[in-house]
Amino acid sequence: MPYSDPAKADLRRYLQEARDALLWKLEGLSEYDVRRPLTPTGTNLLGLVKHAAGVELGYLGDTFGRPSGEPLPWLAEGAEVNADMWAAPDETRAGIVGLYRRAWAHADATVEALPLDTTGTVPWWPADRAGLTLHHAVVRVIADTSRHAGHADILREQLDGATGERPGVTSLPSDDPAWWAAYRDRLERAAREAAGNGTTDDPGTRAAP
């Protein structure tokens, strides 16, 4: 959706880049790999997309009196804690990706329809500080989506070594595994030297003097 307002166009550009990056990290992976927990706190790729969809529908929909009508049972009162951060077996990848794309369209329509200084009310914030402008809300969603796109980038690299911001753009200085192995070894040596430990022991496990 092109915006006639240059300020809105800038905001939308950076939001869309983060959205696209987050979805791209799912491409080419198995059903298991997009769902599996990859950190001690359970962070997983499809869960990040599910969460991001709810964020957009909330901050750029409900907050400004523009509910989408999308059922989000994992965000309802009494729902399981953290249910928006992972996909249940009966929630399909196509269904979650489709929800996210519909959330984009709904959010973009809100931004196009309202001035950036429009004030909304965040239903899940404390009442005494629940107000914010549309501009604030869009910046908040950009920050949240970009943060999770970064999470997804690291998770994907752990899975199969794939990196990059978008297809064909890695922003990395080399694609040679040997170069990266040598680079990583150099960083490891530098870290140990800075920690005052030239051995192969993990500095983090040494007892304090």
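The values are calculated or read from the model by the stated rules, or taken from the named source; none is laboratory data. Please read these numbers as outputs of a predicted model, since none were measured by experiment. Every residue, glycine among them, receives a Cβ derived from its backbone with ideal geometry; neighbour counts consider all protein chains shown. Accessible surface is based on the protein model in full, side chains and every heavy atom, while ligands, DNA and RNA are left aside. Shrake-Rupley method; radii C 1.70, N 1.55, O 1.52, S 1.80 Å.
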Item checked: Asp176, Asp10, Asp84, reordered so the largest accessible area comes first (probe 1.4 Å) -> Asp10, Asp176, Asp84
Next item on the list: Calculate how steeply helix 93-113 sits against the longest principal axis of the alpha-carbon atoms of the chain, using the helix alpha-carbon long axis, and give the answer as 0 to 90 degrees to the nearest 10.
Entry: 60 degrees
Next item on the list: Estimate the FRET efficiency between Asp5 and Ala94 by the formula 1/(1 + (r/R0)^6), using the beta-carbon distance for r and 25 Å for R0, to the nearest 0.05.
Entry: 0.15
Checklist line | Compactness of the stretch 1-57, expressed as Rg and Dmax over alpha-carbon positions, Å | finding: 14.4, 45
Next item on the list: Please report, to one decimal in angstroms, the Kirkwood hydrodynamic radius of the stretch 85-170 built from all distinct Cα-Cα pairs.
Entry: 15.7 Å
Check: Rounded to a whole number, what % of the accessible area of the chain do carbon and sulfur atoms account for, probe 1.4 Å?
Finding: 55 percent
Check: Rounded to a whole number, what is D in µm²/s for the stretch 144-185 from Stokes-Einstein with the Kirkwood radius over alpha-carbon pairs (4 °C, 1.567 mPa s)?
Finding: 114 µm²/s
Notebook entry, point to check: Between Arg66 and Arg140, what is the FRET efficiency for a Förster distance of 25 Å, r being their Cβ-Cβ separation, to the nearest 0.05?
Noted result: 0.95
Notebook entry, point to check: How much length, in nm to one decimal, is gained on full extension between Gln16 and Glu31, taken as 0.36 nm per residue of separation minus their Cα-Cα distance?
Noted result: 2.9 nm
Notebook entry, point to check: What are the semi-axes of the equivalent ellipsoid of the chain, taken as the square roots of 5 times the eigenvalues of the Cα gyration tensor, listed largest first and rounded to whole Å?
Noted result: 36, 20, 20
Notebook entry, point to check: For the charge dipole of the chain, defined by +1 on Lys and Arg C-beta atoms and -1 on Asp and Glu C-beta atoms about the Cα centroid, which residue among Ile142, Thr39, Ala53 has the Cα displaced farthest towards the positive pole?
Noted result: Ile142
Next item on the list: Would you mind getting the accessible area per residue of the stretch 29-77, heavy atoms of the protein chains only, 1.4 Å probe, in Å²?
Entry: 44 Å²
